[in-house]
Amino acid sequence: MLTDSPAASLAQAIFSPRSIALVGASADPAKYNARPQRFLRDHGYAGCVFPVNPGRKEIFGVRAFPDLRSIPGRVDHAFIMVPAAGVPEVLAQCRERGVPVATIFSAGFAELGEEGLARQREMVRQARAGGLRLIGPNCMGIISVPDATPLTVNAVLGRELLKAGPLSVISQSGSMLGTLLSRAQARGLGFARLVSVGNECDLGVGEIANLLVDDPHTGAILLFLETFRDAEHLARAARRAAAAGQPVIAYKLGRSAVGRQVANSHTGAMTGPDELADAFFRAHGIIRVAMIESLFEAPRLVMGHRPPSGRRVNAVTGTGGAAAMVVDRLGVLGIDVAAPPARVIANLAARGIPVAPVPLTDIPMVQGSGARYTAVLSELLGSRESDAVVAVVGSSAQSGPAVITDRILKAENRGRKPLAVFLAPRADEGLRLLEENGVAGFRTPETCADALCAYLNWRAPAEPFRAPPAALAAAEAFLARTDHARLNERDSHALFGALGIPTAGSCVVTEAAPEIPVPRASDAAGSPSFALKVLSADIAHKTDAGLVRLDVPAREARAEAAKLLETARRARPDARIDGVLVQRMERGLAEAIVGFRRDPEVGPMVMLGMGGVAAELRRSLAVRIAPVGPDEALRMIDEIPEMALLTGYRNLPRGDVTALARAVSAFSMLAALTSRPVLDAEVNPLIVKRDGEGVVAVDGLAVLG
């Protein structure tokens, strides 16, 4: 690695250290602390190894030192294996010696709770003051294959030889490094760098991924994630990788419906961590797989390709049942398995190869030998009407490499688009042959479909949306005038209105100002009607509490307002009650909910769903990292099946989806406010009127930082 920049120097110290200190090394082969030295020796590490143990003069034939201060010469990387209480002293010695990076295997920090977290933070503070970068603690180390540097305690290194390849892994789970290494290498797949980040007290997934973007040995960056700890760094790294044509592929735990409780809005209850993870990955061009085996099988499928323009797959097979499993799974995942294009059918017919216009091109076994299979595959790979091709080989895959060579490797147009090959029987040699020739092979129909789906859902990083300065200035001016952290509905509407979201006209009734100005305009019945709501930032679900009245005639509005005030003060004496909000009743074709949240892991997000009292009954949502522009907001609308009711479905009247998209975009601009951060906000419902008549927000809340 070149060392002409701080980042390159750090990468060399992490992945290509010329000297390593093993602090807490053990001479007992049965102990964890003995493994790194043995692994470095057995796998051919060519640099200097300095075991550090005050009770030993030598370990495994190598001179040992009582501490870091005693080591002659430079130490590039310290691997720390002492108990947690001793780690600060070791780090102090690292700073004295100018060690650039230390990996901490020792546990006993943030994973134990607040006391451990405090120790960890102090450790990081002192390390940064001395220019020392940390990996871990509570991590299993680093494996750098090109440099023969298995700096780890992972037991799999005692059994596995290291095969070089283009895959680099960053894992928040230390044990998963061994799992991925053993499973992938059994398939003939090779690695460049593997990093266990543990607690990520300093260097996290994002910063290490950023180093790998510049690594000449890394062709794809694979992430095993449990949470997001440095999402901002990861976003930047993923965007740099996308610009360099280097795919970033993630497997993330937490696909269940268990969400985090945030504030008291519907938004926090409706949007769980999985939706937020999907939004983050989509925004920054990260490919997400659903199965752990896909994490190492998918890279070969996507390397060398850019995000697709569509989501159509062609399929060819000589064994119907096995291919049907792949095609069926693709259908479940929402992928369009298309029939061969007419031009392909015509070209093949001219060569005496009849192909039916059906989604799965099944060549009977008696016809599947020779050039027929290859001809069909070549035509499908060369056509422009699909975005990927899946080829399935049946029991003949076990008969020898000739089948793979004749049917797959001789196909023309390989490389024009992703090709996924599923070998139905267990055919390890066939999978190795495919890998050696740069073709993505799959062991199961599920991982084959998962990898194809992940590729077809891959999108280039979204261009950042620049919020209009005038709208931001108006919203910032409003925030400067308010002292409350939790805004009542009237103030929330003032904030939303400043950003350009139409809000229902209203006035506030209090004991001091009991009169209600009755609008001159009348509704269809000849007299206006009102919605009355207790105005209080402390009461989130007013309908459930009986503090809302709808369709109240004008003549009854003042009396109903007085009753609501009395009811609210009796039911919630602890709440700040600012009066009764009186709004003109608004009606439209549909109700939407628009939510905003500044998530502690992924940052600001905006959510769109069907609104009203039924908002929590059906989780049909579209989520994006905020802010978004109107065009992206239109795509959010398209993702929600119920929103089809607004597009003229079955001759229903069309809703103003353009105005809805503008409102979603305007709401997402809450992310760009800086004077006081908005933590959580919601409009529910946002009434969508007929096409050309706009939208109007009639209920909402906002929580400020």
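If you check SER386 against the conditions, is it touching an Asp or Glu at 6+ places or on another chain (Cβ under 6 Å) and either within 22 Å of PRO445 (Cβ to Cβ) or assigned to a helix (DSSP H, G or I) (or both)? Judged against the criteria, SER386 is not a match.
Considered as a group, the residues in the range 631-679 that are at pLDDT below 95 and of a type in the set (S, T, N, Q) include one that is nearest to LEU589 (Cα to Cα), and that residue is THR647.
Rundown of residues vs (1) farther than 19 Å from HIS493 by Cβ; (2) open to solvent by 30 Å² or more (accessible area, probe 1.4 Å); (3) touching a His at 6+ places or on another chain (Cβ under 9 Å); (4) part of a helix (DSSP H, G or I), yes/no style:
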| residue | (1), (2), (3), (4) |
| --- | --- |
| ALA659 | no, no, no, yes |
| VAL664 | no, no, no, yes |
| MET669 | no, no, no, yes |
| LEU679 | no, yes, no, no |
| GLY692 | yes, yes, no, no |
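Being in contact (Cβ under 8 Å) with a residue 12 or more places away in the chain, over 23 Å from ARG95 (Cα atoms) and surrounded by 15 or more Cβ atoms within 10 Å (Cβ to Cβ) holds for only one residue in LEU10, LEU40, and it is LEU40.
If only residues of the range 192-216 that are assigned to a helix (DSSP H, G or I) and in contact (Cβ under 8 Å) with a residue 40 or more places away in the chain are counted, the one that is surrounded by the fewest Cβ atoms within 10 Å (Cβ to Cβ) is ASN210. Beta carbons closer than 9 Å, at least 6 apart along the sequence or on distinct chains, pair a first residue in the range 470-495 that is in contact (Cβ under 8 Å) with a residue 12 or more places away in the chain and closer than 19 Å to CYS507 by Cα with a second that is open to solvent by 30 Å² or more (accessible area, probe 1.4 Å) and in a helix (DSSP H, G or I) for PHE478/ASP491; PHE478/ALA494; PHE478/GLY497; THR482/ASP491; THR482/ALA494; LEU487/ALA494.
Screening VAL403 with (1) open to solvent by 10 Å² or more (accessible area, probe 1.4 Å); (2) outside any helix (DSSP H, G or I) gives one miss only, at (2). Only residues that are among the aromatic types (Phe, Trp, Tyr) and either in a helix (DSSP H, G or I) or closer than 19 Å to ALA626 by Cβ (or both) were counted in the range 427-477, giving 2. Do we find that LEU180 is touching a Ser or Thr at 6+ places or on another chain (Cβ under 8 Å), in a strand (DSSP E or B) and over 23 Å from ALA30 (Cβ atoms) in this structure? It is false that LEU180 is touching a Ser or Thr at 6+ places or on another chain (Cβ under 8 Å), in a strand (DSSP E or B) and over 23 Å from ALA30 (Cβ atoms). Is it the case that the range 427-438 has a residue that's open to solvent by less than 20 Å² (accessible area, probe 1.4 Å) and out of contact with any helix residue (DSSP H, G or I) (no Cβ under 8 Å at 6 or more places or on another chain)? The answer is yes, given that some residue of the range 427-438 is open to solvent by less than 20 Å² (accessible area, probe 1.4 Å) and out of contact with any helix residue (DSSP H, G or I) (no Cβ under 8 Å at 6 or more places or on another chain). Being at pLDDT below 65 and either touching a strand residue (DSSP E or B) at 6+ places or on another chain (Cβ under 6 Å) or of a type in the set (Val, Ile, Thr) (or both) is the requirement here; does VAL508 meet it? For VAL508, the condition - at pLDDT below 65 and either touching a strand residue (DSSP E or B) at 6+ places or on another chain (Cβ under 6 Å) or of a type in the set (Val, Ile, Thr) (or both) - is not met. Pairs linking a residue in the range 563-587 that is touching a residue at least 60 places away in the same chain (Cβ under 8 Å) and of a type in the set (D, E, K, R) to a residue that is open to solvent by 50 Å² or more (accessible area, probe 1.4 Å) and in a helix (DSSP H, G or I), with Cβ atoms under 8 Å and 6 or more positions apart or on different chains, are ASP578/ARG490. Residues that are more than 33 Å from the chain's Cα centre (by Cα) and in a helix (DSSP H, G or I) within the range 478-488 comprise PHE478, ALA480, listed in sequence order.
For residues in the range 107-117 being over 27 Å from the mean Cα position of the chain (by Cα) and open to solvent by 60 Å² or more (accessible area, probe 1.4 Å), which is nearest to ARG69 (Cα to Cα)? Filtering the range 107-117 for residues that are over 27 Å from the mean Cα position of the chain (by Cα) and open to solvent by 60 Å² or more (accessible area, probe 1.4 Å), the one nearest to ARG69 (Cα to Cα) comes out as GLU115. Please verify whether the range 300-313 includes one or more residues that are in a helix (DSSP H, G or I), aliphatic (A, V, I, L, M) and at pLDDT 95 or above. Yes, the conditions are met somewhere in the range 300-313.
When the residues of the range 323-346 are filtered to those that are touching a helix residue (DSSP H, G or I) at 6+ places or on another chain (Cβ under 7 Å) and either open to solvent by 30 Å² or more (accessible area, probe 1.4 Å) or part of a helix (DSSP H, G or I) (or both), the one that is nearest to TYR373 (Cα to Cα) is VAL344.
Being under 20 Å from ASN199 (Cβ atoms) and open to solvent by less than 10 Å² (accessible area, probe 1.4 Å) holds for only one residue in ILE104, ILE71, and it is ILE104.
When SER175, SER171 are screened for being out of contact with any helix residue (DSSP H, G or I) (no Cβ under 7 Å at 6 or more places or on another chain) and small (Gly, Ala, Ser), only SER175 passes.
The values are calculated or read from the model by the stated rules, or taken from the named source; none is laboratory data. Just so we're clear, the structure is a prediction, and the values are computed from it rather than from any experiment. FYI the Cβ positions are ideal-geometry reconstructions off the backbone, even for glycines, and counts take in every protein chain you see. Ligands, DNA and RNA are excluded from the accessible area calculation, which covers all protein heavy atoms including side chains. Shrake-Rupley method; radii C 1.70, N 1.55, O 1.52, S 1.80 Å.
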